[in-house]
Structure formats: structure tokens, C-alpha cells
Amino acid sequence: MARTPATGAAAAPIHTPDTTPVMLVGGDDDFGIQQRARQLWESWRAAAGGMDHEVVDGSASNSGEALAALGRLREALQTLPFFGGPKLVWFQNCTFLGEDRTSGSAAVTEALASLAEELKAFRWEGVRLLISATKPDRRRTLFKTLEKLGLVELFTALSADDKDWGSKAETEAIRAMRAGGRTISDEALGELVTRTGPNLRLLAQECEKLILYTSGRAEVTRLDIEAVTARQKTAQAFALAEALGNRDLGKLLRTLDEELWEIRTGTDKKKSEIGLLYGLISKVRNLILVRELMHAGYLKPASQYNALKSQLDRIPADEMPSDKRYNPLTIHPFVLFQAQLQAQNYTSDELVRAMGLLLEANRKLVSSDADEARVLQQVLVEIVGAGIAQRSPQRR
């Protein structure tokens with residue numbers, strides 16, 4: 001049964017997710033888009049009741065598939081429910097609203113413009129349309145039409161360049177843990193976010209694993225994180241420096257062996273012994289900078305990222321060094337958050353001594369025939385092993 005288009009202008013839409021007749025959920029965060037669209041669809045279905053609701057696949061690898069998907073969408077919108085009542089349509093995972101080759105074809109561009117005109121004239125009483133799409137182009141006529149007719153929500157993927165990605169990841173991890181009936185310690189939360197990095201899909205998967213792993217217990221601990229959580233590649237690159245910061249000699253030497261194995265076998269051609277050393281030097285420098293900020297009264301120890309981030313925001317920029325290598329405000333806040341937790345594992349004198357040992361190791365690697373692995377092993381044992389047995393619980 002066909003639905004007759006309206007002859008007059010459509011009524012002004014109510015711009016709320018619960019009542020708007022048309023909604024687009026898009027962006028470059030496919031995980032966020034999928035979660036939000038599924039949430040909306042289930043909410044709409046619960047409110048509408050009935051069984052005659054349609055999900056139309058909007059994925060397409062070429063213009064022909066895109067045109068066929070648009071045809072199915074039109075058919076779904078024009079067909080009334082068999083038993084009457086509200087009609088819901090979800091145009092799911094649309095892939096041709098952006099700037100790719102399929103989206104830019106003349107046939108698809110024309111078809112999308114035509115769809116925009118049809119939606120403007122459509123009689124929306126009893127019908128609701130949800131569109132989920134990756135990377136929609138805001139300049140397109142269809143996008144602008146959807147903004148006017150209903151509501152648009154855009155989700156941006158987390159990025160390491162985003163200074164707030166750590167906070168967003170922590171928030172999502174806490175939400176997932178609460179939904180699974182778990183709490184998570186601050187230490188475990190920091191380790192989890194460090195291991196997964198700015199990747200919400202991976203974070204959700206790891207949270208699900210942890211909830212299953214801790215069945216019968218209420219709290220997720222750092223030991224749980226270390227037992228079942230994988231390190232993303234970006235996190236693996238910093239594993240050696242993190243072990244140094246944590247002053248864990250056993251893990252430090254094991255990680256060094258893994259890194260050296262990758263170098264010797266050519267598994268990762270971008271790695272080198274000197275590169276590993278420079279990463280360690282950068283880590284110690286960050287620990288020293290954080291200790292100096294604490295000594296100067298700019299920072300106080302914080303167990304949560306947001307608490308540390310708010311302190312950094314209050315530091316006067318003109319009081320920091322102009323050289324970026326020594327300006328803590330140029331370092332990513334999450335890196336500083338981790339560093340301020342780890343800086344308590346060393347005294348200031350130990351960190352200064354560590355920097356001297358690393359610079360001497362640098363000289364050996366560059367200007368001598370010394371075995372690179374032996375040089376790195378010796379310097380790490382000297383740094384981490386020095387005085388480790390005498391450290392007090394407070395400094396651990």
C-alpha cells in the first residue's frame with residue numbers, strides 16, 4: 001500500500017530524539033554510531049509497539065548497489081504497516097553519504113538530491129526514519145535537509161591528538177563497568193586506558209572480557225587488567241618506558257628482550273636500539289618535569305585523570321620554559337597523568353642519576369662497538385635496581 005505525499009509544507013519537526021520523525025546518526029566513529037543508532041532504534045520500537053518495522057541495509061561498494069539501497073529505502077517508506085499503527089524504518093550502515101568514489105558518482109549524487117526533495121514533501125504522520133551513516137558530507141543537500149526536517153547527531157572517533165581522549169575513554173570504561181555490575185580501581189582504570197589507547201571499540205571489548213573474567217567479584221583490579229587485557233599496538237610502543245616508570249625490573253627486562261627480538265628478526269623495521277634508548281630518555285625527562293611541577297606547587301598527586309587535567313589547565317603558560325622539550329604543558333595530559341603516578345617510585349636524585357646513566361649509554365651506542373643489548377640491560381638494571389630493596393611503601 002503506497003503512502004500519498006503531502007501537498008503542502010511539512011510541519012515543523014520537534015527536535016528531540018524521542019519525537020523527531022527523521023534522525024541521522026553519523027560521523028567517523030563507527031562504534032559510537034552503531035551504539036547510538038541501536039539505542040535509538042530499540043527506544044523507538046518500544047514506544048511504537050507493533051511488528052511492522054523495517055531495517056534496510058545501506059552499505060554499498062559501487063553506485064549500482066547504492067541506487068538499489070535507495071530503492072529499498074523508498075519502498076520501505078512508502079509501504080504502510082500491514083496491521084496499521086506506526087511505521088519505523090532504519091536505513092542502517094549507509095556508506096555513500098560522504099566523499100568516496102561511490103558517493104561522488106553522478107547517478108548517486110542525483111539520487112540523493114532527489115531523495116532530499118521527496119523527504120521534504122513526505123507526510124510523516126505515523127512514520128519515523130533513522131539513518132546511520134559513516135562520514136556524511138555536511139555540504140550535501142540531503143544532509144542539510146535532514147538537519148531541517150529532524151535531528152542530526154555526529155560522533156567523532158577518539159584520537160591521540162585529542163587532549164581529552166583519556167578523560168573520554170575513562171568515562172566510557174566506567175560506564176561499561178557499571179553496566180556490568182563492576183567497579184574499577186583508579187589504578188586499574190589508568191592501566192586499562194593506557195593499554196587500549198584512543199579506541200572505544202577495543203575498550204568496550206576489553207571491558208566485556210574483564211566483566212566475564214571477574215565473575216563473582218565486584219571490583220576489577222590492575223592484576224585483572226594485566227591478566228586478560230591485550231596491549232594495542234600504540235600502547236606496545238610505550239611498554240618499555242611504562243615498565244621503567246613502574247620500576248618493575250622483571251617486566252622491564254622481559255619487555256626489553258621482546259623489543260630486541262623484534263629488532264633482530266626485522267619484525268618491526270621502524271624499531272632500533274637507539275630508538276628504544278631515546279624513548280627511555282623521554283620517559284625519565286617526563287618524570288623529572290612532573291616532580292619539578294610538584295615541588296613548585298603547581299601539581300598535587302591525583303588518582304584520576306580529570307583531577308590532574310584541571311590542575312594543568314590552571315598552570316600559567318608564561319611561567320613555563322619556551323623550549324618544548326622542557327615545557328610540561330606541551331606534553332599530552334594523559335602522559336603527564338601516568339608520569340605523576342610513576343614519579344613517586346623514584347626520588348629526584350634517582351631520576352637525575354638515571355638521566356646521566358642513559359646519556360652515558362647513548363654515548364656507548366653511538367661511538368663504540370659495545371653490544372647494544374648488553375648496554376641497554378646494564379643501564380636498566382642500574383636505574384631500576386639501585387636502591388629498590390630500600391624503597392619505602394609510600395614511594396612504591
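Some points to look at:
- Among the residues of the range 152-171, those identified as buried (at least 18 other Cβ atoms within 10 Å of the Cβ) and either in a helix (DSSP H, G or I) or free of Cβ contacts under 8 Å to residues at least 60 places away in the same chain (or both) are TRP165, GLY166, SER167, ALA169, GLU170.
- Complete set of residues in the range 279-300 that are in contact (Cβ under 8 Å) with a residue 24 or more places away in the chain and either in the same structural domain as ALA173 (by TED's automatic domain parsing) or surrounded by fewer than 13 Cβ atoms within 10 Å (Cβ to Cβ) (or both): HIS295
- Condition met for LEU149 (of a type in the set (A, V, I, L, M, F, W, C), under 21 Å from ALA302 (Cβ atoms) and surrounded by 15 or more Cβ atoms within 10 Å (Cβ to Cβ)): no
- Residue count for the range 354-380, restricted to those that are surrounded by fewer than 16 Cβ atoms within 10 Å (Cβ to Cβ) and within 30 Å of ALA296 (Cα to Cα): 3.
- Checked against the criterion of being under 25 Å from ALA339 (Cβ atoms), among the hydrophobic types (A, V, I, L, M, F, W, C) and without any contact (Cβ under 8 Å) to a residue 40 or more places away in the chain, the range 239-257 contains one or more residues that satisfy it.
- Picking from residues in the range 172-189 that are within 26 Å of THR16 (Cβ to Cβ) and among the charged types (D, E, K, R), the one that is surrounded by the most Cβ atoms within 10 Å (Cβ to Cβ) is GLU172.
- None of LEU341, LEU329 is within 32 Å of the chain's Cα centre (by Cα), modelled with pLDDT of 85 or more and not aromatic (Phe, Trp, Tyr) except LEU341.
- Failed item, numbered, when ARG353 is tested on (1) of a type in the set (Lys, Arg); (2) modelled with pLDDT under 90; (3) in contact with an Asp or Glu (Cβ under 9 Å, 6 or more places away or on another chain): (2)
- Residue that is nearest to LEU308 (Cα to Cα), among those in the range 206-220 that are touching a strand residue (DSSP E or B) at 6+ places or on another chain (Cβ under 7 Å) and buried (at least 22 other Cβ atoms within 10 Å of the Cβ): VAL220
- Subset of the range 190-205 that is surrounded by 22 or more Cβ atoms within 10 Å (Cβ to Cβ) and free of Cβ contacts under 8 Å to residues at least 40 places away in the same chain - its residue that is farthest from PHE337 (Cα to Cα): LEU203
- Positions within the range 166-202 being of a type in the set (Lys, Arg) and farther than 13 Å from ASP224 by Cα, in sequence order: LYS168, ARG175, ARG178, ARG201
- Subset tally (residues that are among the charged types (D, E, K, R), at pLDDT 90 or above and either touching a helix residue (DSSP H, G or I) at 6+ places or on another chain (Cβ under 6 Å) or in a helix (DSSP H, G or I) (or both)) for the range 179-235: 5
The values are calculated or read from the model by the stated rules, or taken from the named source; none is laboratory data. The shown structure was predicted, so the numbers you read here are calculated from the model rather than taken from an experiment. Neighbour counts are summed over all protein chains in view; Cβ atoms, including those assigned to glycine, are modelled from backbone coordinates with ideal geometry.
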